[in-house]
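Enquirer: First, the structure itself, so that you have it in front of you.
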Amino acid sequence: MGRHLSELQQARLKFKPELPAILRLKPAMIKPGMGRATEAISDRDTVKKMFPKTYGKPVVVFTNGKNPGFNKGPVKVAVVLSGGQAPGGHNVIAGLFDGLKKANPKNKLIGFLGGPSGILENKWKEITAHLIDCYRNTGGFDIIQSGRTKIETPEQFKMSKKTLVENAIDALVVVGGDDSNTNAALLAEYLLDEGTGISVIGVPKTIDGDLKNAQIETSFGFDTATKIYSELVGNICRDVNSARKYWHFIRLMGRSASHITLEAGFKTQPNIVLIGEEVKQKNLTLAQVVDSIAAVIAKRADMGKNFGVVLVPEGLIEFIPEMNRLISALNDVIADNENELNAMKSVVDKKNFVYKALEPALSKLMESLPDGIESQLMLDRDPHGNVQVSQIETEKLLVDMLSKRLAEMKKEGAYTGKFSAITHFFGYEGRCGAPSNFDSNYCYALGYNAVMLALNKMTGYISSVRNLADKPVKWLAGGIPLTMMMNIERRKGKEKPVIQKALVGLDGKPFKQFVKMREGWALSESYVFPGPIQYYGPEDVKDMTTKTLAFEQGKRHSGVKKCRKGCKK
């Protein structure tokens, strides 16, 4: 059955991604410049013991020069998509394909199907010119699909080696987030130790934006996803400014970091933007978070404005220290008393049992929560028995608690307005959107660059394309050792190497800029309506970088301009 393409998809297939200047050279003239030996971000001795073969590799920056070590081929490279979807994945594969064919037309690319499980089960298909030409610049991962299987046991490593050797694979490219690239580092170490000669290269992917550092300036998909979410938030801002009778609470994807919420805040300028990292640093309680929102609602009510927009990061609950302690204590109580709790038929009996088992302060906190959230904390557990925090409807929790708090304030004479709220969650809407021009270019460059790393027999590296706030021709290309981004975390009672997640830096330029702006947003209607992702139009609109990158790199960015025609809010 053929693929059905909209007019936009047909037009996007014709878009020609731009490469950095260095990657436009003949592949044999792209030479790896080797920097100094590197160290892990922390826990260096432990990480070094875990990666004796790949630890300490230098940062690579590609330069122009004759390259006698270049693998002229023919070679066979495999690619696997791992974890959740992110816009631009198809262009990573397009970059891989084109880079391989430019180096040697006899080079081959295969894709393992359904994520890492495809490696374990030896399920794959060849990526041909006809196949990839149907997917260029399109959203989704459907060309080979993705999966969340982890290759981490000795048996899985042996099965992976068997599949790769039997298929005569010279290099494996793992497209994924921090966990997936951690697995890529472990597999690179194993294959090197086994003497296979098979390279493993990572590609940084996640819309959450938490796989970043000085060398990985942003993960692919973040640009597109935040533009999609910002279009939706902007639409709501315009609606709220028209109807002027509702408070909209919008939860945005990003469990471990608030990057998406911060970027959407910059793009739309809503009245309140909650940043989980700030809540954690200030050690705020849930009640204090509610009070801070209630204070803005009350001030706006005094101005006759019983409406507004609030952005809530998906992981807010885990950033609130007391809630984190409650969730941890609940996990322990339920695990230690599983049989006794299962024997109870009444939810009320279970709650009363848990109240008594918790320390008084946590028991009081749990009783203060809405019944639905209480039940969710009690009953909705993952296969390991832990609370499924990402499923908690934080926006509804805040609305429920605000309704009670504002009612109390009204009795105290501290609030005179009306509070009507509508809640939203924007998550899957952003993961498979048609990639923006930025992500189309960036992903293509990441894939093409990964081929250059593989053809130079690098292993244990992640594809790195930098200087991203500038035009693609000025981007820098190279590779970063995966061990350089590692730290040690305790998971399920064991110390494990993990690529450190990048949270919103409260001392960084983007957050400092946000702090300067948020007071103005709170009481005004300075809403911005960014509209859909722009593919056509003025260059400063269709190819605009994220506000986050612009602030970080000190680049000029399109500021919000006031209407000069005397329009009234």
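The values are calculated or read from the model by the stated rules, or taken from the named source; none is laboratory data. Note that the structure is a prediction, hence the values are computed from the model and not measured. Positions of Cβ are backbone-derived with ideal geometry, glycine not excepted, and every protein chain shown enters the neighbour counts.
Enquirer: Within the stretch 125-148, track down each residue that is free of Cβ contacts under 8 Å to residues at least 40 places away in the same chain and part of a loop (DSSP other than H, G, I, E, B).
Expert: Once the filter is applied, which keeps residues that are free of Cβ contacts under 8 Å to residues at least 40 places away in the same chain and part of a loop (DSSP other than H, G, I, E, B), the stretch 125-148 yields Thr128, Asp142.
Enquirer: I'm checking my understanding of the structure. Among residues of the stretch 476-507 that are among the small types (Gly, Ala, Ser) and crowded, with 16+ Cβ neighbours inside 10 Å, which one is nearest to Tyr444 (Cα to Cα)? Please lay out each step first, then the result.
Expert: First, the residues of the stretch 476-507 that are among the small types (Gly, Ala, Ser): 477-479, 493, 502, 505.
Checking the rest, the ones that are also crowded, with 16+ Cβ neighbours inside 10 Å come to 477-479, 502.
On the way: Ala477: 12, Gly478: 14, Gly479: 15, Ala502: 24 Å.
Selected residue: Ala477.
Enquirer: For the stretch 133-152, check the following and say yes or no: at least one residue is polar (S, T, N, Q) and under 15 Å from Ile198 (Cβ atoms).
Expert: Scanning the stretch 133-152 turns up no residue that is polar (S, T, N, Q) and under 15 Å from Ile198 (Cβ atoms).
Enquirer: Quick one: would you say Thr423 is of a type in the set (S, T, N, Q), within 24 Å of Lys227 (Cα to Cα) and not assigned by TED's automatic domain parsing to the domain that holds Lys108?
Expert: On the way: of a type in the set (S, T, N, Q): yes; within 24 Å of Lys227 (Cα to Cα): yes; not assigned by TED's automatic domain parsing to the domain that holds Lys108: yes.
So Thr423 fits the description; yes.
Enquirer: Exactly one of (1) under 21 Å from Met452 (Cα atoms); (2) part of a helix (DSSP H, G or I) is unmet by Asn241. Its number?
Expert: (1) is the only condition that Asn241 fails.
Enquirer: Surrounded by 20 or more Cβ atoms within 10 Å (Cβ to Cβ) and over 21 Å from Tyr461 (Cα atoms) - does that describe any residue in the stretch 208-218?
Expert: Checked the stretch 208-218: at least one residue is surrounded by 20 or more Cβ atoms within 10 Å (Cβ to Cβ) and over 21 Å from Tyr461 (Cα atoms).
Enquirer: Within 13 Å of Glu525 (Cβ to Cβ) and aliphatic (A, V, I, L, M): is that true of Val273 in this structure? Give the derivation first.
Expert: Values: within 13 Å of Glu525 (Cβ to Cβ): no; aliphatic (A, V, I, L, M): yes.
Spelling it out, it is not the case that Val273 is within 13 Å of Glu525 (Cβ to Cβ) and aliphatic (A, V, I, L, M).
Enquirer: While we're here: Within the stretch 155-174, does at least one residue satisfy the condition of being surrounded by fewer than 20 Cβ atoms within 10 Å (Cβ to Cβ) and at pLDDT below 95?
Expert: no
Enquirer: For Gly209, which of the numbered conditions (1) touching a Ser or Thr at 6+ places or on another chain (Cβ under 9 Å); (2) outside any loop (DSSP other than H, G, I, E, B); (3) not β-branched (Val, Ile, Thr) fails to hold?
Expert: With respect to (1) touching a Ser or Thr at 6+ places or on another chain (Cβ under 9 Å); (2) outside any loop (DSSP other than H, G, I, E, B); (3) not β-branched (Val, Ile, Thr), Gly209 is out only on (2).
Enquirer: Across the stretch 219-248, which residue is surrounded by the fewest Cβ atoms within 10 Å (Cβ to Cβ) among those that are under 22 Å from Lys305 (Cβ atoms) and among the basic types (Lys, Arg)?
Expert: Lys245
Enquirer: When you go through (1) buried (at least 24 other Cβ atoms within 10 Å of the Cβ); (2) under 24 Å from Ile228 (Cβ atoms) one by one for Cys134, which number turns out not to apply?
Expert: The one condition Cys134 does not meet is (1).
Enquirer: Mind checking whether some residue in the stretch 483-498 is touching a strand residue (DSSP E or B) at 6+ places or on another chain (Cβ under 9 Å), at pLDDT 95 or above and over 26 Å from Glu278 (Cα atoms)?
Expert: Yes.
Enquirer: In addition: So which residues in the stretch 294-314 are farther than 12 Å from Arg244 by Cα, touching a Lys or Arg at 6+ places or on another chain (Cβ under 8 Å) and part of a helix (DSSP H, G or I), if there are any at all?
Expert: Once the filter is applied, which keeps residues that are farther than 12 Å from Arg244 by Cα, touching a Lys or Arg at 6+ places or on another chain (Cβ under 8 Å) and part of a helix (DSSP H, G or I), the stretch 294-314 yields only Ala294.
Enquirer: Based on what the data block shows, is Arg431 farther than 13 Å from Ile216 by Cβ, free of Cβ contacts under 8 Å to residues at least 24 places away in the same chain and surrounded by fewer than 22 Cβ atoms within 10 Å (Cβ to Cβ)? Can you show your working first?
Expert: On the way: farther than 13 Å from Ile216 by Cβ: yes; free of Cβ contacts under 8 Å to residues at least 24 places away in the same chain: no; surrounded by fewer than 22 Cβ atoms within 10 Å (Cβ to Cβ): yes.
Against the criterion (farther than 13 Å from Ile216 by Cβ, free of Cβ contacts under 8 Å to residues at least 24 places away in the same chain and surrounded by fewer than 22 Cβ atoms within 10 Å (Cβ to Cβ)), Arg431 does not qualify.
Enquirer: Taking the options Thr268, Thr261, name whichever one is on the phi < 0 side of the Ramachandran plot, touching a Cys at 6+ places or on another chain (Cβ under 9 Å), assigned by TED's automatic domain parsing to the domain that holds Ser390 and crowded, with 21+ Cβ neighbours inside 10 Å. Can you show your working first?
Expert: Working: Thr261 fails: touching a Cys at 6+ places or on another chain (Cβ under 9 Å).
Of the residues listed, the single one that is on the phi < 0 side of the Ramachandran plot, touching a Cys at 6+ places or on another chain (Cβ under 9 Å), assigned by TED's automatic domain parsing to the domain that holds Ser390 and crowded, with 21+ Cβ neighbours inside 10 Å is Thr268.
Enquirer: Looking at the stretch 399-426, which of the residues that are of a type in the set (Asp, Glu) and free of Cβ contacts under 8 Å to residues at least 24 places away in the same chain is surrounded by the most Cβ atoms within 10 Å (Cβ to Cβ)? Spell out how you get there, then give the answer.
Expert: Just the residues of the stretch 399-426 that are of a type in the set (Asp, Glu), to begin with: 400, 408, 412.
Imposing the further condition that a residue be free of Cβ contacts under 8 Å to residues at least 24 places away in the same chain reduces the set to 408, 412.
Details: Glu408: 11, Glu412: 8.
Per the stated criteria, the residue is Glu408.
Enquirer: Quick check on the stretch 533-569: of everything there that is surrounded by 14 or more Cβ atoms within 10 Å (Cβ to Cβ) and in a loop (DSSP other than H, G, I, E, B), which residue is modelled with the lowest pLDDT? Show your work before the answer.
Expert: Within the stretch 533-569, the first condition is being surrounded by 14 or more Cβ atoms within 10 Å (Cβ to Cβ), and the residues that meet it are 533-535, 542-553, 557.
Within this subset, residues satisfying the condition of being in a loop (DSSP other than H, G, I, E, B) are 533-535, 543-546, 557.
On the way: Ile533: 90, Gln534: 87, Tyr535: 88, Asp543: 88, Met544: 85, Thr545: 87, Thr546: 92, His557: 61.
Among them, the one singled out is His557.
Enquirer: If you check Leu8, Leu109, Leu13, Leu113, which single one turns out to be closer than 17 Å to Asn449 by Cβ and either in contact (Cβ under 8 Å) with a residue 12 or more places away in the chain or among the aromatic types (Phe, Trp, Tyr) (or both)?
Expert: Values: Leu8 fails: closer than 17 Å to Asn449 by Cβ; Leu13 fails: closer than 17 Å to Asn449 by Cβ; Leu113 fails: closer than 17 Å to Asn449 by Cβ.
Among Leu8, Leu109, Leu13, Leu113, only Leu109 is closer than 17 Å to Asn449 by Cβ and either in contact (Cβ under 8 Å) with a residue 12 or more places away in the chain or among the aromatic types (Phe, Trp, Tyr) (or both).
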